[in-house]
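So the structure is just underneath, and the comments pick up after that.
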Amino acid sequence: MDKSHTDFLKECEAELASLKERIAALEEKLSAYSPEPEEDAPAPEEDAVDFTTESIGVPDAPVPEEPLQEATAPAFEEPEPIEVEPEPIVPAPEPVPDDTAGMAWRKDKPGLAVKNIRSGISLYDRALFIGTLFKEDYALYDATIANLNTLASLDQAVAYIKEHFPDWDLGSNVVYNFMMALRKKLG
C-alpha cells in the first residue's frame, strides 16, 4: 500500500469518527425533545440510526374527523367568440390577350427559384428599377413587389403590369431584367 492510499484511509476514518460523534450529539438533543420510547418497541441497534417521526419528535398527522370530499372542478365556460373581419381578397387581374409570347423574358431561364421576389432582385437592379420603371418612387416599387408576390402565375403578373404600368416597354432591357426577377418566383 502506498503512502497516499494510507493517508486517504486515515482521513476517511477520521471523518467517520467525527460523523459518529456528531450523530451521538444530535441523538442526545433529539431525546430531550422526543417522548420516551414505549416498552413494547424494540430497542434500536447500537450503530443503527432511527429516523421515524417519533424518534425525531414530529407529531403524527391529525386524523380528519370528517371524510374528505372530492374536489370539483369549476364549470367550463365557453369563451365568447371573437369577431374578426376577413381581409379583403384582392382579385387577380383579368388575363389580357398575350402579346408577350415572343418576348425573350418568356423563353430565357430565370435562374434559381425564390420564395419572395425581393430576394431575387440584386441591389443594382433594384436601384435601376426604382430609377427608371418606378420614376424614383420607392413606395410604388415596394407596393408593386408586395402585390406581385401574392400572384400565382406569370400571366397574372403580366396582366397586373399591363394594367398598372401601361407605359412600360415590355421589350426593353430594364423590363427584361424585372421580368426575369419575377420569373424566379412565378416560373
What number of residues in the stretch 147-176 are open to solvent by less than 60 Å² (accessible area, probe 1.4 Å) and under 38 Å from the mean Cα position of the chain (by Cα)? 8
Out of curiosity, is Ala159 aliphatic (A, V, I, L, M) and farther than 16 Å from Ile121 by Cβ? yes
Residue tally, condition touching a helix residue (DSSP H, G or I) at 6+ places or on another chain (Cβ under 6 Å) and assigned to a loop (DSSP other than H, G, I, E, B), over the stretch 170-186: 0
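Leu112 - would you say it is exposed (fewer than 11 other Cβ atoms within 10 Å of the Cβ) and at pLDDT 70 or above?
Values: exposed (fewer than 11 other Cβ atoms within 10 Å of the Cβ): yes; at pLDDT 70 or above: yes.
Considered against the rule, which asks whether it is exposed (fewer than 11 other Cβ atoms within 10 Å of the Cβ) and at pLDDT 70 or above, Leu112 comes out as yes.
State all residues of the stretch 115-146 that are in contact (Cβ under 8 Å) with a residue 40 or more places away in the chain and either within 23 Å of Asn173 (Cβ to Cβ) or open to solvent by less than 70 Å² (accessible area, probe 1.4 Å) (or both); if no residue qualifies, say none. Before you say what the answer is, go through the steps one by one.
Here is the first cut: in the stretch 115-146, the residues in contact (Cβ under 8 Å) with a residue 40 or more places away in the chain are 115-117, 120-121, 125, 128-129, 132-133.
Asn116, Ile117, Gly120, Ile121, Asp125, Leu128, Phe129, Thr132, Leu133, listed by residue number.
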Can you pull out the residues in the stretch 144-187 that are over 14 Å from Phe134 (Cα atoms), acidic (Asp, Glu) and at pLDDT 90 or above? Glu163
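The values are calculated or read from the model by the stated rules, or taken from the named source; none is laboratory data. Just so it is clear, the model here is predicted, and its values are computed rather than measured. Don't worry about glycine lacking a Cβ; one is built from the backbone with ideal geometry, like all the others, and counts go over all protein chains shown. Just the protein is used for accessible areas: all its heavy atoms, side chains included, with ligands, DNA and RNA removed. Shrake-Rupley method; radii C 1.70, N 1.55, O 1.52, S 1.80 Å.
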